[in-house]
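Take a look at the structure below.
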Amino acid sequence: MTRSSAQGRTDAGHDLFKGMTKKKKAKDSKKDTQPPIQVGEHGRYQIKSGLLAGKFVARAFSKPPTKARGMIAEASGATQEAAITALHDVIDARESKMTENRRTDPHTGASVPSIEEYTEALGQVALTRPQRALLAALSLADEDGLTEVRVANGAGYKSHASANRSLASAGRLIATFLSSETVSNGSSTNLDGTAVLGFRGEPEHDGDPGNWILYPELRDAIRAAL
């Protein structure tokens, strides 16, 4: 082999590797220009959007921190902004439909969320361990409910007044998440948060405030989530 032919092969080999390098750089350059994933919020949901399989997609998830998993809703568009706007419309329509489908409870006059809404809220709001124990005990009592004393004892509270305040606090957390009204008759009290959870049963005698009774939708959601 002559020096010139060896040099030719070396040059060819060099050119070949050089071509591969260019192709890799072109691929990297294309990757660098891909729009980044955007993270935002809409209402009580976290929104993630980006380019997926050649199209712009936006998806809604429960906001962290939460135990809830899975996608809530999805939409696509010609641009990332269009996909996000479309997803906002999907979420708003979903929220409106759920609100319209809520029933009005005859005991409280409150708008009662569905089992699905309660389940989503229980997976999202930051309830304390005693609050979860309190709700679990009430859910197992079914339509009979529990007296204030039994509620307090079952959840480890020192007094029924403390248990009542904790129950109201849990109700306000859930109501805020679900954008539900917590006052049934227009009046405001320190226990108005309980209107989104349930109501008082008929008292057995004078001076008896009646048992705490959870809505059946909430009882079912608690059994599934807690």
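The values are calculated or read from the model by the stated rules, or taken from the named source; none is laboratory data. Everything numeric here is computed off the predicted structure, so don't read it as measured data. With ideal geometry, Cβ positions are generated from the backbone for all residues, glycine too; neighbour counts draw on all protein chains shown. Remember, those area values only see protein heavy atoms, side chains included, never the ligands or the DNA or RNA. Shrake-Rupley method; radii C 1.70, N 1.55, O 1.52, S 1.80 Å.
Among the residues of the range 85-142, those that are open to solvent by less than 30 Å² (accessible area, probe 1.4 Å), more than 30 Å from Ala58 (Cα to Cα) and among the hydroxyl-bearing types (Ser, Thr, Tyr) comprise Thr108, Ser139. For the range 208-226, the set of residues classified as open to solvent by 30 Å² or more (accessible area, probe 1.4 Å) and either in a loop (DSSP other than H, G, I, E, B) or of a type in the set (A, V, I, L, M, F, W, C) (or both) consists of Asp208, Pro209, Asn211, Ala224, Ala225, Leu226, listed by residue number.
Checking each residue in the range 171-207 for being closer than 15 Å to Ala110 by Cβ, open to solvent by less than 20 Å² (accessible area, probe 1.4 Å) and at pLDDT 75 or above picks out Gly171, Ile174, Ala175, Leu178, Gly193, Thr194, Ala195, Val196, Leu197, Gly198. What tally of residues in the range 66-91 results from selecting those that are out of contact with any Phe, Trp or Tyr (no Cβ under 7 Å at 6 or more places or on another chain), touching a residue at least 12 places away in the same chain (Cβ under 8 Å), of a type outside the set (A, V, I, L, M, F, W, C) and over 26 Å from Leu214 (Cα atoms)? Adding up the residues that qualify gives 3. Quick one: in the range 35-63, of everything that is over 15 Å from Ala83 (Cβ atoms) and open to solvent by 60 Å² or more (accessible area, probe 1.4 Å), which residue is modelled with the highest pLDDT? If we take residues in the range 35-63 being over 15 Å from Ala83 (Cβ atoms) and open to solvent by 60 Å² or more (accessible area, probe 1.4 Å), then Glu41 is modelled with the highest pLDDT.
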